[in-house]
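The values are calculated or read from the model by the stated rules, or taken from the named source; none is laboratory data. Please read these numbers as outputs of a predicted model, since none were measured by experiment. For neighbour counting, all protein chains shown are included, and Cβ atoms are generated from backbone atoms with ideal geometry for every residue, glycine included.
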Amino acid sequence: MKKIILSLIIAGLSIISNGQQLSLHSQYMLDMYMINPAVAGSYDFIPVSLNFRQQWVGFNGAPVTQTLTSHGYLGKNVGIGIGFFNEVATPSRRTGMNVSFAYHVPMSSDFTRKLSFGISPVFFQHYINSELLTTYEPDDPAVIHGFNNQFCPDVNFGVMFTQEKQYYAGVSVFNLLQIRRDLFQIMDEIDNPIQRTYYFIGGYTFEAGEDFIIEPSAHVQYQWGTPFQIDGNLRAVYKNRIGLGVSYRHDDALVYMALINLGTFRFGYSYDMTLSDMANYSFGSHEFHVAYRIIGNKRTSQSGGTLPMFY
């Protein structure tokens, strides 16, 4: 029993960074819908974003995360969105989806300044491959009857304040209800290991001449009982086409970022140079981002002819 408990602890550690249970994203500013449902429908186009992250390359069983998101504006200040995610950290896997509804309150006559509220029902399945765990006892009940292959509902909530092309600030809460019931067996209580998580984000855009903009931003992630995860980011963008940036994640990593904007397509890449003791066992982390812009309702001028560098 002690060995299986130790194995589960190790498995749990492998799906978090700095004590966090939910997936980590170095390029969150390229797809803020992933961490705040209030972003849904914020633009005059429909973005479709694909993100892939390989954590701690070279470390056996390290986390791998894939996300696919899209959102758009319905009309009457309402936006909707949908997202799919798959997080694998051997022997654990968390797979699910969310559907978001956002309401945007105009704070200016041209809709360039707005206060947005979003709510997102989320459904996920958590699975542990017991065949990859070694126990003292065959068919150990800690594995057989543990939290495994359950389908859980929950809710995410977010608030966002934006001034187009200038600044944004937002706060969101994931797994707000911490429901401990299986969606298809609501009478049976389960041990849902995913805790409530808070996100705080903010950013500002400065013009540096006619061709360059500078984008400082910050991201704070907090889960009850764990340390704050704090990211500070700085990027320079040339003619909304090419961008380079650097980010510092407190006590964890130094991140280098690059992106290129090709009109309807945008590509981003980041490399996390690990600063913690994990650097002794891995070669850092890689993250890839691809986005496609679908022409939508022309109610604002934010996108111009290309995807914005952040949204």
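Some notes on this structure:
- The set of residues in the stretch 206-246 being touching a residue at least 24 places away in the same chain (Cβ under 8 Å) and farther than 17 Å from G268 by Cβ consists of A208, D211, F212, Q221, Y222, Q223, W224, G225, T226, P227, Q229.
- Residues in the stretch 252-282 that are surrounded by 14 or more Cβ atoms within 10 Å (Cβ to Cβ) and of a type outside the set (S, T, Y): 14 in all.
Quick grid of which residues meet (1) of a type in the set (F, W, Y); (2) at pLDDT below 90; (3) more than 22 Å from Y292 (Cβ to Cβ):
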position: S14; (1), (2), (3): no, yes, yes
position: N51; (1), (2), (3): no, no, no
position: V57; (1), (2), (3): no, yes, yes
position: P63; (1), (2), (3): no, yes, yes
position: H71; (1), (2), (3): no, no, no
position: V78; (1), (2), (3): no, no, yes
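- A Cβ distance below 9 Å, combined with a sequence gap of six or more or placement on separate chains, defines the contacts here; from the stretch 159-172, residues that are outside any strand (DSSP E or B) and modelled with pLDDT under 95 reach residues that are surrounded by fewer than 16 Cβ atoms within 10 Å (Cβ to Cβ) and aromatic (F, W, Y) in the pairs Q166/Y204.
- Scanning the stretch 249-290 for residues that are part of a strand (DSSP E or B), small (G, A, S) and within 17 Å of N60 (Cβ to Cβ) turns up just one, S285.
- Flag for R299 being modelled with pLDDT of 80 or more and either within 18 Å of the chain's Cα centre (by Cα) or among the charged types (D, E, K, R) (or both): no
- Within the option set V99, V122, V105, being over 21 Å from the mean Cα position of the chain (by Cα) and among the β-branched types (V, I, T) holds for one residue only, V105.
- G243 meets each of the listed conditions (1) surrounded by 21 or more Cβ atoms within 10 Å (Cβ to Cβ); (2) within 17 Å of the chain's Cα centre (by Cα) apart from (2).
- Enumeration of residues in the stretch 209-243 that are among the aliphatic types (A, V, I, L, M) and touching a His at 6+ places or on another chain (Cβ under 8 Å): I230
- Qualifying residue in the stretch 63-81 (condition: surrounded by fewer than 22 Cβ atoms within 10 Å (Cβ to Cβ), more than 30 Å from N280 (Cα to Cα) and among the aromatic types (F, W, Y)): no
- Residue satisfying all of: in the stretch 52-94; touching a Phe, Trp or Tyr at 6+ places or on another chain (Cβ under 9 Å) and hydroxyl-bearing (S, T, Y); nearest to L275 (Cα to Cα) among these: T65
- Cross-chain or 6+ apart pairs with Cβ under 8 Å, the stretch 56-77 first and free of Cβ contacts under 8 Å to residues at least 24 places away in the same chain, then β-branched (V, I, T): L68/V48
- For the stretch 94-133, the candidate set comprises residues that are farther than 30 Å from A62 by Cα and β-branched (V, I, T); within that set, the residue that is modelled with the lowest pLDDT is T112.
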